[in-house]
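Colleague: For reference, the structure I am asking about is given below.
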Amino acid sequence: MTDSSSFVVERSVTIAAPESRIRPLVENFHSWRDWSPWEDLDPAMQRTYSGPDSGVGARYAWEGNRKAGAGAMTITGTEPGRVDIDLNFRKPFKADNKVEFRFTPADSGTTVSWSMSGRKNLLMRVLAPIFDTDKVVGKDYERGLAGLKRLAEQVN
């Protein structure tokens, strides 16, 4: 449930692969370059990885052009069926959001749900009538999940 000062964006896709094949593509930020919808926004984007390669404590920071912005993600929790990430934007605006990936067994593989929640900053609240976070970010999530699906299903 959200109020006017918070938001949630969520999209799902069913992937013809087990969680064990999909999870490493989410838990290892190096793999995001192969499926994330934002990785091609700036060919010169600077990326920094720290902590373990995957799992809790793995960290990915980026700084790019105006479209890519700057920020960092840190995996804060993993358990069967779930990966939790703190997402902190620095540019073009500051925001701290929670990201969650859920993996649910399905008849044809695994349903992956990708969500982000957070508080709307003043700019987001002012622009709300013309900038629908769910529609804008949701389209990116759909592209990202399609890339994740393509990648996970091609691995044998």
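Here, each number is a calculation from the coordinates, and none is a lab measurement. Model, not experiment: these values are computed from the prediction. In this analysis, Cβ positions are derived from the backbone assuming ideal geometry, glycine residues included, and neighbour counts consider all displayed protein chains.
Colleague: At q = 0.13, 0.16, 0.17, 0.20 Å⁻¹, what base-10 log of I(q)/I(0) does the Debye formula yield for the stretch 6-154 when every alpha carbon is treated as an equal point scatterer in vacuo?
Modeller: -0.58, -0.89, -1.01, -1.39
Colleague: Using a Gaussian network model of the chain whose springs link C-alpha atoms within less than 10 Å, name the residue from Thr76, Thr111, Thr48 with the highest mean-square fluctuation.
Modeller: Thr48
Colleague: Taking the Cα centroid of the stretch 84-103 and of the stretch 5-67, what is the distance between the two, rounded to the nearest whole Å?
Modeller: After rounding, the separation between the Cα centres reads 11 Å.
Colleague: I've got another one for you. Given Lys94/Lys139; Lys98/Lys149; Lys67/Lys94, which pairs have Cα atoms separated by over 19 Å?
Modeller: Distance filter (> 19 Å) returns Lys94/Lys139; Lys98/Lys149.
Colleague: Taking the simple approach of a point 7 Å from Cα along Cα-to-Cβ for both Ala72 and Asp34, what is their distance in nm?
Modeller: According to this spin-label approximation, the distance is 2.6 nm.
Colleague: Would you mind ranking Lys91, Lys149 by Cβ crowding within 10 Å, fewest neighbours first?
Modeller: Lys91, Lys149
Colleague: Same structure again: The stretch 1-104: which GluC sites (Glu not before Pro) are DSSP loop and have at most 12 other beta-carbon atoms within 10 angstrom?
Modeller: On the way: sites: Glu10, Glu19, Glu27, Glu39, Glu63, Glu100; in loops: Glu39.
In loop regions of the stretch 1-104 (DSSP not H, G, I, E or B), there are no sparsely surrounded GluC sites (Glu not before Pro).
Colleague: Between the helical axis of 133-154 and the dominant principal axis of the chain, each derived from Cα atoms, what acute angle in degrees is found, rounded to the nearest 10?
Modeller: That helix lies at roughly 20 degrees to the long axis.
Colleague: Sticking with this structure for a sec: With the crude spin-label approximation of a point 7 Å out along Cα→Cβ, what separation in nm comes out for Ala146 versus Lys91?
Modeller: 2.9
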